[in-house]
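Below is one structure; the comments refer to it alone.
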Amino acid sequence: MTSEEEWIMIEDMIRQLKNTCEFMIDLAYSALIFDDKDLAERVMDLEEYVDKLHTKFELKVLKIGIKRKEDEKNLLGLLRLGVATENLADAAAEIADIVLRGVEPHPILKMVMEEAEEMVMQATISENSILNGKMIGEAKLEEKIGVKIIALKREDKWFYNPPSDFVLKAGDIIIARGFIEGKNALKKLAEGEI
Amino acid sequence: MGTQEVQYKPLSVKELLKEMKNLSSLMIDLAYSAFLYDHKKLAEEVMRLEERVDYLGYLLGIQAALAARDREDAEQVSGILKVASAVDKMSDAAADIANLVLLDISVHPTIHSAFKKTEEIIGRIKIREKSVLINKTFEDLELETRIGVDVIALRRGKDWILNPNKKIKLQVGDILIARGSVESIEFLDKLSSGKVNKLPEVAK
């Protein structure tokens, strides 16, 4: 591997860490909106995942750093970035913890989350929904109603960032991110009203 | 960047928490971008946002304490304070990342050179005196259609406006935080500094 390729890999890992944290934060906020312990549990699972990702990242940085005799300043920066990322994940977990402890959420919390420009929403796909049997890519939810499916629960299994060829089925609980205008449209599509 | 003294202001807990939440999300985005592209000015904006989030956190604490009238209230308010403290922690983490840029311990130089061409970046652009953008609204400018940049935030002095309204008129000294390709951000920079005075036509 050339030095450039190695650094591109590091950058990919940074993006992956960042995306996972942002996803955790979104999920934690939605756990709060829906007062949903199940979602909160997923945040906790993701925290463990971030821990593992972080360790992998640290090892990679050190490996490349030692091999290429990198300037220690660069390595320190990257390692500290990893620590800060882990702190972000911890903060998301703290929000999920509120839900898990059964502290009844103040109505204000729900209002704050729902008034955001972009929000996380949840819908269950019904038998007669046009989404039933469609691939995520085919459904073109992003183009049509401006929402993106970020996670999905089928029976007891969770799928994060399902790929565009993932086929939706009746009974799937989808978690999506999008503009508030898309919320009702998504609900209607999932329930088979449109 | 002096520390702002805390004074009681009758802002609602809801508005305060909403602003804290939105600003902290913006900070995370800006901080990683500043780190990956070694962008010091952007890192400084993250530090300013951090100061703002801290300040809002104090105001929220005061408001929340006033809101609790009995045991039940107090329980619910404690939930709000917990969320606020987690949001504050997120903004601290973002500021830590930005600080790496300011301390000059960010990344290996090849990282940004390798990605600069294709990736969407976040730019920080100041509107200068000779700019053609002055006194124009976002509606007039149609920056997204004309040059492909999305203005995600605007700072005017100490005030931050997220996803600015189309009717806002740009002024000298405004700081725009925008997302777009390297070329489009560079073009916006030329428009803001007055080096270019003509906006491209809207593609039909």
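In the stretch A:45-75, which residues are surrounded by 17 or more Cβ atoms within 10 Å (Cβ to Cβ), without any contact (Cβ under 8 Å) to a residue 24 or more places away in the chain and part of a helix (DSSP H, G or I)?
If the condition is that a residue be surrounded by 17 or more Cβ atoms within 10 Å (Cβ to Cβ), without any contact (Cβ under 8 Å) to a residue 24 or more places away in the chain and part of a helix (DSSP H, G or I), then A:G65, A:N74, A:L75 are the ones that fit.
For the stretch B:108-118: of the residues being more than 20 Å from B:R179 (Cβ to Cβ) and at the interface with chain A (Cβ under 7 Å from one of its Cβ atoms), which is modelled with the lowest pLDDT?
Checked the stretch B:108-118; the qualifying residue modelled with the lowest pLDDT is B:T110.
So is B:V77 in a helix (DSSP H, G or I), more than 15 Å from the chain's Cα centre (by Cα) and modelled with pLDDT of 95 or more or not?
Criteria not met by B:V77.
Taking B:G57 as meeting all but one of (1) surrounded by fewer than 19 Cβ atoms within 10 Å (Cβ to Cβ); (2) of a type in the set (G, A, S); (3) within 29 Å of B:I122 (Cα to Cα), write down the number of the exception.
Against the list (1) surrounded by fewer than 19 Cβ atoms within 10 Å (Cβ to Cβ); (2) of a type in the set (G, A, S); (3) within 29 Å of B:I122 (Cα to Cα), B:G57 comes up short only on (1).
Mind checking which pairs have a first residue in the stretch B:51-65 that is under 10 Å from B:L16 (Cβ atoms) and in contact (Cβ under 8 Å) with a residue 24 or more places away in the chain and a second that is surrounded by fewer than 18 Cβ atoms within 10 Å (Cβ to Cβ) and of a type in the set (V, I, T), Cβ under 6 Å, 6 or more apart or different chains?
B:Y58/B:V6
For the stretch A:92-127, which residues satisfy the criterion of being more than 17 Å from the chain's Cα centre (by Cα), more than 10 Å from every other protein chain (Cβ to nearest Cβ) and of a type in the set (A, V, I, L, M, F, W, C)?
A:L100, A:I125 - these are the residues of the stretch A:92-127 that are more than 17 Å from the chain's Cα centre (by Cα), more than 10 Å from every other protein chain (Cβ to nearest Cβ) and of a type in the set (A, V, I, L, M, F, W, C).
So which residues in the stretch A:9-24 are surrounded by fewer than 16 Cβ atoms within 10 Å (Cβ to Cβ) and either in contact with a helix residue (DSSP H, G or I) (Cβ under 7 Å, 6 or more places away or on another chain) or not polar (S, T, N, Q) (or both)?
Listed by number, the residues that qualify are A:M9, A:D12, A:R15, A:Q16.
The values are calculated or read from the model by the stated rules, or taken from the named source; none is laboratory data. These figures come from a predicted structure and were not determined experimentally. Because the Cβ atoms are built from the backbone with ideal geometry, glycine has one as well, and the counts that use them run over all protein chains shown.
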